[in-house]
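The values are calculated or read from the model by the stated rules, or taken from the named source; none is laboratory data. All values derive from a computational prediction rather than experimental measurement. When we count neighbours, we look across all protein chains shown, and the Cβ atoms used for this are built from the backbone with ideal geometry, even at glycine. Just so you know, the surface numbers come from the protein's heavy atoms only, side chains and all, with ligands and any DNA or RNA stripped out. Shrake-Rupley method; radii C 1.70, N 1.55, O 1.52, S 1.80 Å.
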Amino acid sequence: MSQNFYHFFTSRITDPNRPLFIKPDGSVVTYGAIIELSGKMANALAALGVKPDDRVVAYVDKSVGAVALYLGCLRMGAVYIPLNTSFTLKELEFFIADAEPRAVICSTEKPDIAAALRNKLGESFGETLGTDCRSGSFAERVAESSSSFTAVGRRGGDIAAILYTSGTTGRPKGAMLTHENLAVNALALKDAWQMSSSDIIIHALPIFHIHGLFVAVNVSLLAGSQMIFLPKFSASEVLSYLPRATVLMGVPTFYVMMLKDKQLNADLVQHMRLFISGSAPLLASTHTLWRERTKMEIVERYGMTETGILTSNPVLGERVPGTVGIPLPGVKVRITDRITHRTLPRKKNAKIGMIEVKGPNVFAGYWQMLEKTKEAFRRGKFFITGDLGFIDERGYLNIAGREKDVIITGGENVYPKEVEQEIDAIDGVMESAVVGVPHEKFGEGVTAIIVRKENVALSEQDVFDVLRKNIAGYKLPKKIIFTESLPRNAMGKVQKEELRRQYCVAC
């Protein structure tokens with residue numbers, strides 16, 4: 001029996017006339033229609049010479065057609081590689097050289113890049129697709145193609161997609177995700193979040209990341225849910241859809257922005273069943289404010305490109321602010337000592353260590369990087385996440401930050417999140433980021449970058465006065481910097497590498 005994720009999805013469709021996508025203009029795309037369009041996509045790709053196991057780069061804007069392109073790739077056994085359309089030609093050329101794709105489908109909004117690729121590499125590297133799925137050279141091929149296409153059989157371990165990790169610590173790495181990875185994780189999340197055909201999801205995430213595509217879309221496909229499919233996030237637009245929806249999958253920035261809108265209240269969300277947050281840490285203060293305003297609690301979860309989602313706070317049961325919940329079924333999570341690699345115990349005030357994970361959701365390795373793949377796994381096939389944290393006595397995972405973000409100052413380890421939590425609790429602080437920058441005396445100096453709430457007069461001295469009472473002296477910032485905002489990536493995660501570059505002489 002084929003383990004192609006496409007087969008796994010289509011075998012669960014009970015009503016092809018059921019709406020899948022609800023567009024902002026009110027039009028609807030059914031499950032049957034997306035299946036037909038995926039067949040056209042597969043035939044159009046085949047006409048470009050794409051065969052099973054070939055890579056296809058999707059450098060396209062978010063649209064229903066982009067999802068159909070993804071399904072078309074799976075259907076024909078090709079490997080789907082989504083890329084952010086904000087990448088420049090130079091960046092795109094790196095990914096093409098690394099992935100060695102058979103075709104690159106470009107956004108119609110990037111005609112110069114598409115033309116440059118077509119002239120340099122050939123026609124199949126510069127085909128274009130618009131968000132209306134009618135404009136662009138590839139859209140013309142799709143329109144002329146048959147919707148009939150026999151899906152290719154796949155084994156669970158065959159590669160379904162390659163997602164590139166950010167290159168903040170070197171060149172980007174292509175994480176190879178298998179059909180089994182996608183199916184197992186989506187099914188586990190469907191069950192954990194009790195997703196069903198009764199749910200209507202507000203989808204305002206990009207779909208070139210694991211969150212927007214392999215979590216929000218894949219879970220919806222397996223649950224038979226509907227999606228209000230928005231091109232991008234707008235707080236006012238999302239708020240306007242809340243009375244019609246049941247689930248919102250978002251990032252912390254979504255919730256922070258919506259909390260600024262006075263119309264957010266318990267009445268507005270009474271139709272909602274679930275609010276989910278991921279891709280970046282959710283401040284405990286945001287969790288508390290959301291609960292006060294809406295009488296509902298946000299479910300925070302934890303995952304990464306290489307693993308899909310690993311843990312989640314429960315839908316039924318205690319949701320603990322500041323934690324990312326308990327492991328999903330089939331997922332093993334352990335904390336190991338950073339030096340000895342011995343497994344650390346679960347207990348109150350547990351020691352912080354490296355988060356390592358194992359399960360059928362964990363990726364197959366990095367594309368054409370055998371040594372990097374070997375380095376990423378511990379004996380026993382546990383993947384080294386690069387994240388630090390601890391598991392408390394209840395079994396809830398707490399994230400302390402990335403290992404590369406640990407600050408070594410005067411020989412002492414400082415975990416940024418520990419300091420950030422104390423700063424964020426100060427009256428007048430909206431949010432903060434703590435980084436280490438070069439320091440002549442201490443090697444690295446703890447530096448706090450703080451965003452104040454509007455119309456709040458908060459000084460460095462005010463912050464120091466509070467921190468001195470709550471944390472050890474070596475953890476105190478050597479410098480406090482106030483700023484209007486923190487740099488973030490497309491998923492709302494604070495870019496600490498950028499902060500380190502920006503304030504490298506702060507101390």
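Percent relative contact order of the chain, based on C-alpha pairs within less than 8 angstrom and at least six residues apart?
Relative contact order for the chain comes out at 10 percent.
What's the local net charge at Met195, with K and R +1, D and E -1, over the other residues with C-beta under 15 Å away?
Local charge sum for Met195: +3.
Taking Cα pairs under 8 Å and at least six residues apart, what relative contact order does segment 348-437 come out at, in percent?
After rounding, I find 22 percent.
Quick one: what does P(r) look like for segment 211-260 with 5 Å bins over all Cα pairs, in whole %?
Each 5 Å bin holds this share of Cα pairs: 4, 17, 31, 25, 16, 5, 1.
Give the residue from Leu274, Leu310, Leu289 lying farthest towards the positive end of the charge dipole for segment 218-342; charges sit on Cβ (+1 for Lys and Arg, -1 for Asp and Glu) and the dipole is referred to the Cα centre.
Leu310
Which percent, to the nearest 5, of DSSP beta bridges fully inside the chain are antiparallel?
Of all bridge pairs located within the chain, approximately 60 percent are antiparallel.
Under a 1.4 angstrom probe, counting protein chains only, how are Arg301, Arg12 ranked by accessible area, largest first?
Ranked from most to least accessible, the order is Arg12, Arg301.
For segment 26-179, take N as its residue count and report Rg(C-alpha) divided by 2.2 N^0.38 Å.
0.99
For the chain, report the accessible area per residue in Å² (1.4 Å probe, heavy atoms, rounded to an integer).
The answer is 42 Å² per residue.
How high is the relative contact order of segment 239-333, given as a whole-number percent (alpha carbon pairs under 8 Å, six or more residues apart)?
Worked out over segment 239-333, it gives 23 percent.
Please state the charge dipole magnitude for the chain, taken about the Cα centre, from unit charges on C-beta atoms (+1 on K and R, -1 on D and E), reported in debye and rounded to the nearest 20.
1080 debye
Straight-line reach from Lys295: which lysines fall under 25 Å, measuring Cα to Cα and dropping same-chain residues less than 8 apart?
Lys190, Lys260, Lys262, Lys453
Heavy-atom accessible area of Thr343 with all protein chains present, probe 1.4 Å, nearest 10 Å²?
It works out to around 90 Å².
What value, in deg cm²/dmol to 500, does the helix sum -39500 (n - 2.57) over DSSP H runs of n ≥ 4 give at 222 nm once divided by the residues of the chain?
Result for the chain: -8000 deg cm²/dmol, rounded to the nearest 500.
What order, most packed first, do the peptides 453-459, 492-498, 316-322 have when packing is the mean number of other Cβ atoms within 10 Å of each residue?
492-498, 316-322, 453-459
Hey, which lysines would be in cross-link range of Lys348, C-alpha to C-alpha under 26 Å, not counting anything within fewer than 8 residues on its own chain?
Of all the lysines, those that pass the test against Lys348 - Cα under 26 Å, at least 8 places apart if same chain - are Lys332, Lys358, Lys404, Lys417, Lys469, Lys475.
On the first, second and third principal axes, largest extent first, how far apart are the outermost C-alpha atoms of the chain in Å?
70, 53, 44
Can you give the local net charge around Gln263? Use residues other than it whose beta-carbon is closer than 13 angstrom to its beta-carbon, Lys and Arg +1, Asp and Glu -1.
Here the charged neighbours net out to 0.
Within segment 172-261, what whole-number % of the accessible surface is contributed by carbon and sulfur, with the 1.4 Å probe and all protein chains included in the calculation?
Solvent-exposed carbon and sulfur of segment 172-261 make up 57 percent of the total.
Would you work out what percent of the accessible area of segment 1-81, with all protein chains in place, is carbon or sulfur (probe 1.4 Å)?
Summing carbon and sulfur atoms, their accessible area is 52 percent of the total for segment 1-81.
Report, for segment 240-383, the % of DSSP beta bridges that are antiparallel, rounded to 5.
Around 70 percent antiparallel, to the nearest 5.
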